[in-house]
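J.: First the structure, then my questions, so here it is.
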Amino acid sequence: MCGIVGYVGRPKSLEVLLGGLRRLEYRGYDSAGVAIITEEGELVTRKRAGKLQVLVDDLAAEPLTDGSTGIGHTRWATHGGPTDVNAHPHLSRDGKLALIHNGIIENFAELRAELLADGYTFESETDTEVAAKLLGREYEAGGGLAAALGRVVVRLEGAFTLLALHRDEPLVVVGARRNSPLVIGLGDGENFLGSDVAAFVEHTQRAVAIGQDQIVTITPDSVLVTDFFGTRVIPSEFQVSWDASAAEKGGWSSFMAKEISEQPEAVANTLRTRIHHDRIELPELAGLEEALTDIDRIVIIACGTASYAGMLGKYALEKWARIPVEVQLSHEFRYSEPVLTPRTLVVSISQSGETMDTLMAVKYAIEAGAATLSICNTQGATIARESDAVIYTHAGPEVAVASTKAFVAQIAALYLFGLHLARVRGTLSAPAIAEALEELSGIPAKLEQVLLTSTRIQELAKWMSDSRAVLFLGRHVGYPVALEGALKLKELAYIHAEGFAAGELKHGPIALIEPGQPVFVIVPSPRDPNSLHAKVVSNIQEIRARGARILAVAEQGDAAVLPFADEVIPIPLAGALFEPLLAVVPLQIFAMELATAKGLDVDQPRNLAKSVTVE
Ligand code: AGP
């Protein structure tokens, strides 16, 4: 989950590297460093623990000579704490080669022992330094940097993106990837490498995704991609739809605030070109169309927020397509010895498309012969490319580590897929599909309305900033919303928060209720045919009788809640399956405002990374 940038072209590497790292910092940010080959042919490096700004300040105080070739890295520590010594880049023994790395080299201990026996010494605790020393030794064996890298990577086990440069090849940067992201940016007289397109989008929107077990060599005027054994590969180019400003804050106080406000657009863009009156167009499913007529079960795999979107997808898919759906956490899935057949469709949900737990689960499903579909927000991401088909959410770059707009876009994409599958399987009439599509198309406007209620939530958050524990209750489709609301509060405000199925309360958790305990309740519509509304209102009465402070997220005009709630946060009327897209927004805002009231960084919360690319 580190940020990686490579550049060859003009003598402005430092500007390119630091700008790219700034955009990638959300991927991991406990140390940062750069390595540059100067115009005089010297290899210079600087690296510092702490956020990127610490490195930037250090470079301002003690400038580094610039050059036309460079690599840069922001780190989320895996092997070895966030210290100057453990920061990347790491050097070969002779100091002429620098290397940076994203991922985990699982057999680094045996490789380190081999090098120690060969007289090498190490200054850091990292697996990356082992790779750097190994590459330096291979470079001495001849054949050039790319060939040396090929001989090294075939010996590595685990997940890695490596970038390296060598003083004796001044206008060359090489890279290699396995189970970890790497994309090429194509420029004019300059070329770029990055963990994702945000690394270079301000310079070029022409990109090339590098495939599994491939090596890339860039110079100012050439890009060469091969497999690990030197056989040439012709990768496909794609146009990045983001522009540089989209990855900036655009005047908002934080990326989190900006991205919460972009949710109407995120849903609208995800639906755009895919709904035509009462028809759904998902041409990206072409590779799966035959399988979709034959599947008899769906397994949804995801982590964190994405898994809560998956729980909502289950309700919709089972209701509309009448097919059994199971939701599994990716990191549990492949160790549970799941029963998968060619008639199983495994749907992975991932904003980054690089989450290692989900990627490895997708690979497991592919190995087991299941059909695979990815719901992903990052073009060209590894999980998307590994799957039989991908439905991209078009939420735009989600920079804040805690996910918001990607979540609502994932639900919209899942609902589109559910209605498409219902049509393919003939389980829903055309009028019913048209009605659901109309409801889905109306969500962006309703999200705009919900965003207008943020002032009252801001006041509530300030009042509750000293809360030590907050509970979230929801029933049916409100339960995943309760889980997501609790996760947002944990992630952003570092407050213990727990989401419960409201019906579960009396089976134990109600013991947690004490006077003044804040409890958010996601209240179903009073129009709900299963009378869940009445059941949840009685749940509210149960906890109110024990002194809880009730904050109810309820449908506008729901009078039954008023007598029992201390606060009612209204949301527009929507069908039961569609209310979660609206009910989650006040909870996102609450978590952000409470974290802000506590003076916390809502974009880069402690201990977290935007894309968890280690298992
Ligand atoms: C969400 O707020 C968290 N940052 C985290 O739970 C995230 O949703 C999870 O790590 C999955 O990430 P992905 O969607 O990129 O796979």
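The values are calculated or read from the model by the stated rules, or taken from the named source; none is laboratory data. Note that the structure is a prediction, hence the values are computed from the model and not measured. Every residue, glycine as well, gets a Cβ built from its backbone with ideal geometry; the counts of neighbours run over all protein chains shown. Side chains are part of the model used for accessible areas, which takes the heavy atoms of the whole protein and leaves out ligands, DNA and RNA. Shrake-Rupley method; radii C 1.70, N 1.55, O 1.52, S 1.80 Å.
J.: Heavy atoms only, probe 1.4 angstrom, no DNA, RNA or ligands counted: give me 7, 364 ranked by accessible area, highest first.
T.: On the way: 7 0, 364 70 Å².
Correct descending sequence by accessible area is 364, 7.
J.: Treating only the Cβ atoms of Lys and Arg (+1) and Asp and Glu (-1) as charged, compute the dipole magnitude of region 382-495 about its Cα centre; round to the nearest 20 debye. All intermediate terms of the calculation are to be shown ahead of the outcome.
T.: Working: 11 positive and 11 negative charges, 47 e Å.
In debye, rounded to 20, region 382-495 gives about 220.
J.: Still on this structure: Let me check I've understood the local charge: for residue 545, count other residues with C-beta under 14 angstrom from its C-beta, Lys and Arg +1, Asp and Glu -1. What total comes out? Before the final figure, lay out each step's value.
T.: Values: positive: 506, 544, 546, 549; negative: 514, 542, 566.
Summing Lys/Arg as +1 and Asp/Glu as -1 gives +1.
J.: Right, something else. Just name one of 102, 68, 113: the one whose Cα is farthest towards the positive end of the charge dipole of region 45-136 (beta-carbon charges, Lys/Arg +1, Asp/Glu -1).
T.: So the residue we want is 68.
J.: Sorted from largest down, give the three principal axis spans of the alpha carbons of the chain, whole angstrom values.
T.: In descending order, the Cα extents are 77, 55, 43 Å.
J.: Restrict the search to region 466-504; then list the chymotrypsin sites (Phe, Trp or Tyr not before Pro) that DSSP places in a loop and that have at most 16 other Cβ atoms within 10 Å of their Cβ.
T.: Working: sites: 472, 494, 500; in loops: 494.
Of the chymotrypsin sites (Phe, Trp or Tyr not before Pro), the ones in loops of region 466-504 whose Cβ has at most 16 other Cβ atoms within 10 Å are 494.
J.: Taking the Cα-to-Cβ direction at residue 566 and at residue 504 and moving 7 Å from each Cα, how far apart do the two end points lie in nm?
T.: 2.4
J.: Now a separate question. Run the dipole for the chain about the Cα centre, Lys and Arg Cβ at +1, Asp and Glu Cβ at -1, nothing else charged, and hand back the magnitude in debye, nearest 20.
T.: Working: 54 positive and 77 negative charges, 237 e Å.
Dipole about the Cα centre, nearest 20: 1140 debye.
J.: Using only DSSP helix segments of four residues or longer, with each worth -39500 (n - 2.57), what per-residue ellipticity at 222 nm results for the chain after dividing by its residue count and rounding to 500?
T.: Details: 19 runs with 214 residues, N = 615.
Only helices count here, giving -10500 deg cm²/dmol.
J.: Of the listed pairs 96/610; 446/506; 405/598, which have alpha-carbon separations greater than 29 Å here? Please list the in-between numbers first.
T.: Details: 96/610 33 Å; 446/506 34 Å; 405/598 23 Å.
Those over the limit are 96/610; 446/506.
J.: Still on this structure, I have one more. Run the accessible area of region 30-128 with a 1.4 Å probe and give the carbon-and-sulfur part as a rounded percent.
T.: On the way: 1940 of 3830 Å².
Result for region 30-128: 51 percent of the exposed heavy-atom area is carbon or sulfur.
J.: A follow-up question, please. Say a paramagnetic label sat at a point 7 Å from the Cα of residue 435, along Cα to Cβ; which residues of region 524-559 have their backbone N under 19 Å from it?
T.: Under cut-off, by backbone N: 525-532.
J.: If you don't mind, another one. Of 475, 279, which has the most accessible area with a 1.4 Å probe, and how do the rest follow in descending order?
T.: Values: 475 65, 279 120 Å².
Final ranking, largest accessible area leading: 279, 475.
J.: State the antiparallel share, in %, of DSSP beta bridges confined to the chain, rounding to the nearest 5. Numbers along the way, then the final one.
T.: Details: 65 of 105 bridges.
Counting DSSP beta bridges with both partners in the chain, the antiparallel share is about 60 percent.
J.: Separation between the residue 278 and residue 531 pseudo-spin-labels, each 7 Å from Cα along Cα→Cβ, expressed in nm?
T.: About 3.4 nm, to one decimal.
J.: Compute the signed sum of charges (Lys and Arg +1, Asp and Glu -1) over the other residues within less than 14 Å, Cβ to Cβ, of residue 499.
T.: On the way: positive: 475, 488, 490; negative: 484, 491, 498, 504.
Net charge around residue 499: -1.
J.: Okay, next question. Shape of region 15-132 from its Cα gyration tensor (a ≥ b ≥ c, root eigenvalues): rounded if a/c is under 1.5, otherwise prolate when a/b > b/c, or oblate? Walk me through the numbers on the way to the answer.
T.: On the way: a/c = 2.16, a/b = 1.36, b/c = 1.58.
Here region 15-132 falls in the oblate category.
J.: What figure, in Å² to the nearest 10, do you get for the accessible area of residue 376 with a 1.4 Å probe and non-protein molecules left out?
T.: It works out to around 0 Å².
J.: Here's another thing I want to ask about it. Distance from the Cα centre of region 372-392 to that of region 263-285, in angstrom?
T.: If we compute the Cα centre of each part, the gap is 17 Å.
J.: Write down the radius of gyration of region 1-57 and its Dmax, each obtained from C-alpha positions, in Å.
T.: Cα-based Rg and Dmax for region 1-57 come out at 11.3, 34 Å.
J.: Quick one: give the max-minus-min coordinate of the C-alpha atoms of region 168-321 along each principal axis, largest first, in Å.
T.: Cα extents, longest axis first: 63, 45, 32 Å.
J.: Follow-up. If you fit an axis through the alpha-carbon atoms of helix 430-441 and take the longest principal axis of the Cα set of the chain, what angle between them do you get, 0 to 90°, nearest 10?
T.: Value to nearest ten degrees: 70.
J.: Next question, about the same structure. What net charge is computed for the residues neighbouring residue 459, neighbours being all others with C-beta under 12 Å from the C-beta of residue 459, Lys and Arg scored +1, Asp and Glu -1? Each step should come with its number before you reach the end.
T.: Numbers: positive: 456, 462; negative: 567, 593.
That works out to 0.
J.: Cα convex hull of region 299-418: mean projected area in nm², to one decimal? If you can, show how the numbers build up before the last one.
T.: Numbers: hull surface 25.4 nm².
Spelled out: convex hull of the Cα atoms, projected over all directions, averaged, 6.3 nm².
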